[in-house]
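J.: Quick one: the structure is below, questions incoming.
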């Protein structure tokens, strides 16, 4: 079964999150897996383990409590977000392998640009030296996952200074541009998509038209307009 790819452009976080929840609740054994590639307007998100005190100064940026795993992070323009809506039972994957394959896809993407990145035991995400370049967080319901990974490419990093990223005081973040690579978020997103499709059994030829999921296209499009 092919993977459906939806390129959603720039979207509000809450609308997209609620659409992911409803998609997951509505899917059945024949529903194709989907990857949504997008950017968000500025927002702080607190995961299930998130503590409000890790938001030091929101500065007018919305703070959303959501149902993914993890602590607090920031989303904004210039950051590639890939949401993985996968049937893990069909893929014969558990939560640890889901995280590992997603991290590997990011690491392999960065290697294309000669950026040496790595994972850390007990701290999901991808790191360049002592700085974090990508954050991960998932929710699994009925053996299906949603949420995904956010990779910093060419964005304003200042909002990260107003939180304890992922719950770690003083954790510094970086981005692709600051590693000397002059690629925009769209180009890096295409590369990340290719590696995610490879990691989860798809291929870059599996691209489908925008909102092409037959069971959900009309409702999703209405929700995200």
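The values are calculated or read from the model by the stated rules, or taken from the named source; none is laboratory data. On a predicted model such as this, the values are computed, not experimentally measured, just so you know. FYI the Cβ positions are ideal-geometry reconstructions off the backbone, even for glycines, and counts take in every protein chain you see.
J.: Would you check if there is a residue in the range 88-104 being more than 25 Å from residue 24 (Cβ to Cβ), at pLDDT 95 or above and touching a helix residue (DSSP H, G or I) at 6+ places or on another chain (Cβ under 6 Å)?
T.: Looking for residues that are more than 25 Å from residue 24 (Cβ to Cβ), at pLDDT 95 or above and touching a helix residue (DSSP H, G or I) at 6+ places or on another chain (Cβ under 6 Å), one finds none in the range 88-104, hence no.
J.: Now for a different question. Among the residues of the range 181-200, count how many are part of a helix (DSSP H, G or I) and crowded, with 17+ Cβ neighbours inside 10 Å.
T.: The qualifying residues number 11.
J.: Quick check on the range 146-162. Is at least one of its residues surrounded by 17 or more Cβ atoms within 10 Å (Cβ to Cβ), more than 14 Å from the chain's Cα centre (by Cα) and either modelled with pLDDT under 95 or in a helix (DSSP H, G or I) (or both)?
T.: yes
J.: Further, regarding this structure: Which of the residues spanning the range 88-113 are touching a residue at least 40 places away in the same chain (Cβ under 8 Å) and farther than 27 Å from residue 46 by Cβ?
T.: If the condition is that a residue be touching a residue at least 40 places away in the same chain (Cβ under 8 Å) and farther than 27 Å from residue 46 by Cβ, then 89, 90, 91, 108, 112, 113 are the ones that fit.
J.: Moving on. Looking at the range 167-180 only, could you name the residues that are out of contact with any helix residue (DSSP H, G or I) (no Cβ under 7 Å at 6 or more places or on another chain) and either in a strand (DSSP E or B) or surrounded by fewer than 22 Cβ atoms within 10 Å (Cβ to Cβ) (or both)?
T.: The answer is 168, 169, 170, 172, 174, 177, 178, 179, 180.
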